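What follows is a single structure, written as structure tokens, with notes after it.
The values are calculated or read from the model by the stated rules, or taken from the named source; none is laboratory data. Small disclaimer: the values here were computed from a predicted structure and weren't measured. Don't worry about glycine lacking a Cβ; one is built from the backbone with ideal geometry, like all the others, and counts go over all protein chains shown. Accessible surface areas use protein heavy atoms only, side chains included; no ligands, DNA or RNA. Shrake-Rupley method; radii C 1.70, N 1.55, O 1.52, S 1.80 Å.
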Amino acid sequence: MNGQYKHILVLTGAGISAESGLATFRDADGLWNNHKVDDVATIEAFERNPAFVHQFYNDMKPELLKAKPNSAHLALAKLEKEYAGEVNIVTQNVDTLHEKAGSQKVYHIHGQINQAVCLNCGRVLETWDDVDTQTRCPHCGISGMMKPNIVFFGESLLYMDKVTQLLSNCDLFVSVGTSGVVYPAAGFVQTAKYHGAKTYEFNLEAASNNYLFNEHVYGKCGETLPSFVYELLESVK
Ligand code: OAD
């Protein structure tokens, strides 16, 4: 590690929130376990049965609202605040634990649980309250057109212009707690590498795309990430 990184990009997945008590998607007791992805996370499912899909995400809200950031989230917030270079986070998580930890430059490419988007006007309603098939858009006034602002399979990711720019500009790419199976996020490491970034993987074990990374740090990221951040901060002193 050296102090020459000017643009650090961190990609996070469900594993970074595991130590905050939130279930990941593909582990034994994963989020999808009790439901078929096709029933709750595709645009077809929403068109077929919007009330059911709204309920699924409404049911997740109290737990995510209550959850507290862990030492991995806090370490990244400290890095953004204290590092001499630029630090951005691209997260696949719909929780808001990066924000609760104090991170400011966070891009939720898979959406956010506390938002709904109006399919009539495209604008976003921010709320931890339930949203349903009757909810009125506060911007255009139309009722019944709100969709959870969760990127379903079959939809485009959010903030991709910004992410493309960050990937081509970063000189350090750090992936934390993601299984590396859901594209396009799983392919970000390749783009970053192509543009010359050094790449680190933090995970409990080797992710599916682990061969694409220069360095691997295995273990709980709540334990491994704070020391990595400490070393990064020390390297520029
Ligand atoms: P996954 O559940 O697929 O993967 C979580 C990863 O985190 C696994 O590789 C675990 O080994 C690792 N992990 C678990 N606990 C950890 C810990 N304490 N420290 C470090 N690593 C740990 O979650 P994602 O890769 O985020 O999309 O899943 C990607 C997308 O799939 C999600 O964003 C979601 C889902 O479809 C949407 O909701 C749109």
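Specify the residue that is surrounded by the most Cβ atoms within 10 Å (Cβ to Cβ); the eligible residues are those in region 56-74 that are closer than 30 Å to Met145 by Cα and without any contact (Cβ under 8 Å) to a residue 60 or more places away in the chain. So the residue we want is Leu64. Look at (1) part of a loop (DSSP other than H, G, I, E, B); (2) of a type in the set (Phe, Trp, Tyr); (3) under 30 Å from Ser227 (Cα atoms) and you find that Trp128 fails only one, number (3). Total residues in region 178-194 satisfying the condition of being assigned to a loop (DSSP other than H, G, I, E, B) and free of Cβ contacts under 8 Å to residues at least 12 places away in the same chain: the figure is 1.
Here is a list: Ser143, Ser156, Ser168. Which entry is at negative phi and within 14 Å of the ligand (Cβ to nearest atom)? Outline the logic, then answer.
Values: Ser143 fails: within 14 Å of the ligand (Cβ to nearest atom); Ser168 fails: within 14 Å of the ligand (Cβ to nearest atom).
Of Ser143, Ser156, Ser168, the one residue that is at negative phi and within 14 Å of the ligand (Cβ to nearest atom) is Ser156.
Could you check, for region 131-147, whether at least one of its residues is outside any loop (DSSP other than H, G, I, E, B) and open to solvent by less than 30 Å² (accessible area, probe 1.4 Å)? Scanning region 131-147 turns up at least one residue that is outside any loop (DSSP other than H, G, I, E, B) and open to solvent by less than 30 Å² (accessible area, probe 1.4 Å). Against the list (1) surrounded by 14 or more Cβ atoms within 10 Å (Cβ to Cβ); (2) within 13 Å of the ligand (Cβ to nearest atom), the condition Val124 fails is (2). Ala77 falls short on exactly one of the conditions (1) in a loop (DSSP other than H, G, I, E, B); (2) open to solvent by less than 20 Å² (accessible area, probe 1.4 Å), and that condition is (1).
The set of residues in region 175-193 being more than 8 Å from the ligand (Cβ to nearest atom) and surrounded by fewer than 16 Cβ atoms within 10 Å (Cβ to Cβ) consists of Tyr183, Pro184, Gly187, Gln190. Can you say whether Glu201 is open to solvent by 60 Å² or more (accessible area, probe 1.4 Å) and either aliphatic (A, V, I, L, M) or in contact with a strand residue (DSSP E or B) (Cβ under 7 Å, 6 or more places away or on another chain) (or both), as far as the supplied structure shows? Here the answer is no, as Glu201 does not meet what is asked.
Condition test on Val87, is it in contact (Cβ under 8 Å) with a residue 40 or more places away in the chain, touching an Asp or Glu at 6+ places or on another chain (Cβ under 6 Å) and surrounded by 20 or more Cβ atoms within 10 Å (Cβ to Cβ)? Criteria met by Val87. Report yes if Asn88 is part of a strand (DSSP E or B), closer than 26 Å to Gly187 by Cα and of a type outside the set (A, V, I, L, M), otherwise no. In short, yes. A Cβ distance below 6 Å, combined with a sequence gap of six or more or placement on separate chains, defines the contacts here; from region 11-24, residues that are among the aliphatic types (A, V, I, L, M) reach residues that are assigned to a loop (DSSP other than H, G, I, E, B) and crowded, with 24+ Cβ neighbours inside 10 Å in the pairs Ile16/Gly177.
Quick one: is Val151 under 29 Å from Ala41 (Cα atoms), in contact with a strand residue (DSSP E or B) (Cβ under 7 Å, 6 or more places away or on another chain) and open to solvent by less than 10 Å² (accessible area, probe 1.4 Å)?
Here the answer is no, as Val151 does not meet what is asked.
Considering the conditions (1) assigned to a loop (DSSP other than H, G, I, E, B); (2) of a type outside the set (Ser, Thr, Tyr); (3) within 30 Å of Val189 (Cβ to Cβ); (4) modelled with pLDDT of 95 or more, Glu99 is excluded by exactly one of them, (1). If you go through region 209-225 and keep only what is touching a residue at least 24 places away in the same chain (Cβ under 8 Å), within 8 Å of the ligand (Cβ to nearest atom) and not in a helix (DSSP H, G or I), you end up with just Lys220.
Please verify whether Glu205 is more than 7 Å from the ligand (Cβ to nearest atom), among the acidic types (Asp, Glu) and either assigned by TED's automatic domain parsing to the domain that holds Ala75 or modelled with pLDDT of 95 or more (or both), treating the condition exactly as stated. Judged against the criteria, Glu205 is not a match.
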